[in-house]
């Protein structure tokens, strides 16, 4: 059904309308079947309220031009015509390829995209715009809702023709305050009602890329008039100010495409597409980035191609400047244990025989543990120190170990000679 009227087919019954799949201010899109070829098609029927004589002529002229485009990134037009309605009038219709997929607006609502994916989609949109500009067509209404993503991930640009016909006959804001076009994506010159050219399509494409990367549009306001004011007078925010990290080349491209002056934007859709392709060929570490409005410090971002670093099997010191990582700690511990043992030995031998035996055991046990611990700490951390320091530390430790060995040997000799049970033992010291 078309606006409550009994329109069930167009093209003298060739295109049988099945269901409505889209509805806009100027036309309704139906899923249909081409009975002659047995294929599924999409039929766009212009609303009668918008079907003035001038709009009809422009609609058909531009539909023919779009039908001549030879690019897979623009929805193909198969047929056009006029369909009679019950009151004796007629409405124009356009038969297009039926695209199985979802509009890009549904993907945008899910949040920011990875940089490479956003660049790929934008490059495909620009491919379609380059073909249309070459044919003399200006889209004038580039936005996520007019970009279809197929089930295979391909890009299809929709709605050529109608936006041009509207803008050619009306100012951006009508007498009732309704914006012709989409205020969030409108170029400054279109918002001011100035003459447009192909560069007017590059501005909304820049807005589109900004939104794909950040998950939001560059300008927000309470009314459409305020939005248009921002497009004309306000500078768009940098993505970095929104917590989004992108390569510098991508930020420059967005800033240039959103320039208020058309002369300062890329000169063509082809040039803008080439800039995007150049950014996509950058090293992965420079081009792939994640939008992180709320960074998580405890989970650092690694290059998606490189695995996270694995700690080495040999355990390094905790830190180069900590006590545990200093080889001189081992030397100090060993020396302290050795000297303390020598000083306390004379006190031990002055004790009674039984206490003397226990003291000597404790003395040699503690001395032995201290020196071994010093050796362990020093040798364990020689790899963390400078080469000269390592060699010096090992040298000192070797000397200490020699003294320790001599002391142990002497002590055991005294022990074997009956030192602990002889009253003459103290006389030998």
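Check 62, 82 and return the single one that is part of a strand (DSSP E or B) and either surrounded by 13 or more Cβ atoms within 10 Å (Cβ to Cβ) or not assigned by TED's automatic domain parsing to the domain that holds residue 142 (or both).
Details: 62 fails: part of a strand (DSSP E or B).
Checking each option against the conditions leaves just 82.
Condition check for residue 163 on (1) out of contact with any strand residue (DSSP E or B) (no Cβ under 7 Å at 6 or more places or on another chain); (2) at pLDDT 95 or above: one failure, at (2). Return yes when residue 215 is surrounded by fewer than 19 Cβ atoms within 10 Å (Cβ to Cβ) and closer than 21 Å to residue 117 by Cβ and no when it is not. Yes.
Please enumerate the residues belonging to segment 139-157 that are assigned to a loop (DSSP other than H, G, I, E, B), modelled with pLDDT under 95 and surrounded by fewer than 22 Cβ atoms within 10 Å (Cβ to Cβ).
Step one: of segment 139-157, the residues assigned to a loop (DSSP other than H, G, I, E, B) are 139-143, 151-154.
Among the residues that remain, those that are also modelled with pLDDT under 95 are: 139-141, 151-153.
Those that are assigned to a loop (DSSP other than H, G, I, E, B), modelled with pLDDT under 95 and surrounded by fewer than 22 Cβ atoms within 10 Å (Cβ to Cβ): 151, 152, 153.
One line per residue, one yes/no per condition, for (1) free of Cβ contacts under 8 Å to residues at least 12 places away in the same chain; (2) under 22 Å from residue 132 (Cα atoms); (3) in contact with a strand residue (DSSP E or B) (Cβ under 9 Å, 6 or more places away or on another chain):
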site: 199; (1), (2), (3): no, yes, no
site: 202; (1), (2), (3): no, yes, no
site: 208; (1), (2), (3): no, yes, yes
site: 212; (1), (2), (3): no, no, no
site: 224; (1), (2), (3): no, no, yes
site: 234; (1), (2), (3): no, no, no
site: 246; (1), (2), (3): no, no, yes
site: 254; (1), (2), (3): no, yes, no
site: 258; (1), (2), (3): no, yes, no
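Taken over segment 3-42, the criterion of being crowded, with 16+ Cβ neighbours inside 10 Å, part of a strand (DSSP E or B) and free of Cβ contacts under 8 Å to residues at least 60 places away in the same chain is satisfied by 9, 16, 17, 28, 29, 30, 33, 41, 42.
The values are calculated or read from the model by the stated rules, or taken from the named source; none is laboratory data. Not measured: the values here are computed from a predicted model. Cβ: placed from backbone, ideal geometry, glycine included. Neighbour counts: every protein chain shown.
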